[in-house]
Structures are given as C-alpha cells and as structure tokens.
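Just below is one structure, and these are the notes that go with it.
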Amino acid sequence: MPTVILVRHGRSTANATGVLAGRLPGVHLDDTGVSQAAAVGERLAGVRLAAAVTSPLERCRETCREITRPQAQTLRATTDKQLSECDYGEWQGRPLRELAKEKLWKTVQAQPSAATFPGGESMRAMQDRAVAAVRRHDARVAAEHGEDAVWLVVSHGDVIKSILADALGTHLDLFQRIHVDPASVSIVRYSESRPFVLGTNTHAGDLTWLIPPKKARRRRSGDADVGGGAGPGTAAGPQTATS
C-alpha cells in the first residue's frame, strides 16, 4: 500500500487573471505559484519520494521541479498525459465570469457526470483516465519500491478532485463539494479492499509522519481501524498487522 501525494500545480498566470487555461500552451506559474510549490517541497523535504509523475503541462512540470528540487539528484520525474488537465475544448482560454453564463455551466456544477465540453472531453472520461493512471502508477511503485513507498503526482484541480471523489466512493456528481487549492496537498493510500484518504487540500505541516518508523514497518492490511486507531507512527491495530 504505497502512499500517493496529490499536489495541484501552484498558482498560474491564468489562475491569477480568472481564465480557464485548459490545455493551452504557455501557461506558467506566477511568482506566487513558484513560492507555493517551493513550500510543498519544504513540507516533503524529509520524505524520500520513490517516484514523481506529472501532467505534461508547463505549470505542473514547473511545480514538480520546485517540489523535487531537494531530491533532484536521486529522483527523475516522468510525465503522463493521462494526468493532464481536462480537455475543456472551446471553453479553454475564456474568462470564468463569461463561462458562468453558459447553460453548460449549471450542468458542470450540479451534474458533472453529464457534462461534455464542446470540442473537448466529458468529465466522466477525465475521471476514468485519471483514476486508471494513478492506480497503474501506484501498482508499479509498489512492485518496484515496496508497500511503504511514498510517491508524488502533480496535476490539476478538477483532475485531483475526481481522483479524490473516486477514493472516497463519492459519485462524480458530488465532486464539486471537494475543494483543491493551488499547491495544496491531498493524500491517498490504496489497498486491495479500499482506498484510504489521509488528507485533502492541506497547506501546511511537515509530512514526515507518512514514513512508518523503522521498527514498526510491517505489512499494512486493508482493514480500517475500528474507533479510529492510534494515528501515524504507532504499531497498534490492523493497519500495522504483522505478516
């Protein structure tokens, strides 16, 4: 059961001006976004990342570079187009205040599973490809680095929200209830029985608690701790059951 760190890219020039960037090229982090990404790197400085996978769009690659800079000598990030931004088609490049007047906007808000962007993809297709990609990479990390591995995904707001909705067992039509800010950290651990959501939309705090203490590193089961468990860094309960 590796742990995946889901990070939305830092604030971009499009975010700052209220434009839906979509997959348009040339959208970069602004100064605030660079600082936000560097702060995530500081949070993860004590965590040895087994892998880093990023959307191929510039703002995500730039975010990933800032996060992994302390581990650049031992970690090489890869890109995966399946983790790219939703294809908003004819909507991309337009101001959000203008898009809010479109009839489709209400569908995106209330029933996103029924939303298909003109000239683009459906939100259901976006979720399907993103979830499949994360689970595929998670299985690879487990096979190559073991079940205690921690790895990184850098992607986009709606993409990460859809991954979290799947992990929570929440229908896509309710995913607008999940909030994912620029450069926020969300955390998921998959098991054979179910995913465990360990954090969503976090902005501060050292993340070394994700590393099991060496003496307590035992195979995690897929059972939830009845009553809530003793928390990270402990050896009690089904989550640290011996093999």
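The values are calculated or read from the model by the stated rules, or taken from the named source; none is laboratory data. Here the structure is a predicted model, which means the values were calculated and not measured. Cβ atoms come from the backbone with ideal geometry, glycine included; neighbour counts cover every protein chain shown.
So which strands (runs of 3 or more DSSP E) stay within the range 132-226 end to end and still have 3 or more residues that are touching a Cys at 6+ places or on another chain (Cβ under 7 Å) and within 23 Å of GLN109 (Cα to Cα)?
Numbers: elements: 150-155, 185-190, 195-202.
In the range 132-226, no matching strands (runs of 3 or more DSSP E) lie anywhere.
State which residue is farthest from LEU83 (Cα to Cα) when the search covers only the range 110-139 and only residues that are charged (D, E, K, R) and in contact with a strand residue (DSSP E or B) (Cβ under 8 Å, 6 or more places away or on another chain).
Kept after step one, since they are charged (D, E, K, R), are these residues of the range 110-139: 121, 124, 128-129, 135-136, 138.
Subset that is in contact with a strand residue (DSSP E or B) (Cβ under 8 Å, 6 or more places away or on another chain): 135, 138.
Details: ARG135: 12, ASP138: 13 Å.
Among those that are charged (D, E, K, R) and in contact with a strand residue (DSSP E or B) (Cβ under 8 Å, 6 or more places away or on another chain), it is ASP138.
Filter the range 173-230 down to the residues that are modelled with pLDDT under 85 and among the hydrophobic types (A, V, I, L, M, F, W, C), then identify the one that is surrounded by the fewest Cβ atoms within 10 Å (Cβ to Cβ). Show your work before the answer.
Going through the range 173-230, the residues modelled with pLDDT under 85 turn out to be 212-230.
Within this subset, residues satisfying the condition of being among the hydrophobic types (A, V, I, L, M, F, W, C) are 216, 224, 226, 230.
On the way: ALA216: 12, ALA224: 15, VAL226: 8, ALA230: 13.
Within the range 173-230, the match that is surrounded by the fewest Cβ atoms within 10 Å (Cβ to Cβ) is VAL226.
Yes or no, residue by residue, for (1) touching a residue at least 60 places away in the same chain (Cβ under 8 Å); (2) closer than 22 Å to ALA130 by Cβ; (3) over 20 Å from the mean Cα position of the chain (by Cα); (4) not in a strand (DSSP E or B):
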{"residue": "GLU42", "(1), (2), (3), (4)": "no, no, no, yes"}
{"residue": "VAL47", "(1), (2), (3), (4)": "yes, no, no, yes"}
{"residue": "ALA50", "(1), (2), (3), (4)": "yes, yes, no, no"}
{"residue": "VAL53", "(1), (2), (3), (4)": "yes, yes, no, no"}
{"residue": "ARG65", "(1), (2), (3), (4)": "no, yes, no, yes"}
{"residue": "GLN73", "(1), (2), (3), (4)": "no, no, yes, yes"}
{"residue": "LYS101", "(1), (2), (3), (4)": "no, no, yes, yes"}
{"residue": "LYS106", "(1), (2), (3), (4)": "no, no, yes, yes"}
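Could you tell me which of the residues GLY10, GLY33 is under 17 Å from SER155 (Cβ atoms), part of a loop (DSSP other than H, G, I, E, B) and touching a Gly at 6+ places or on another chain (Cβ under 8 Å)?
Numbers: GLY33 fails: part of a loop (DSSP other than H, G, I, E, B).
One residue alone meets the criteria, GLY10.
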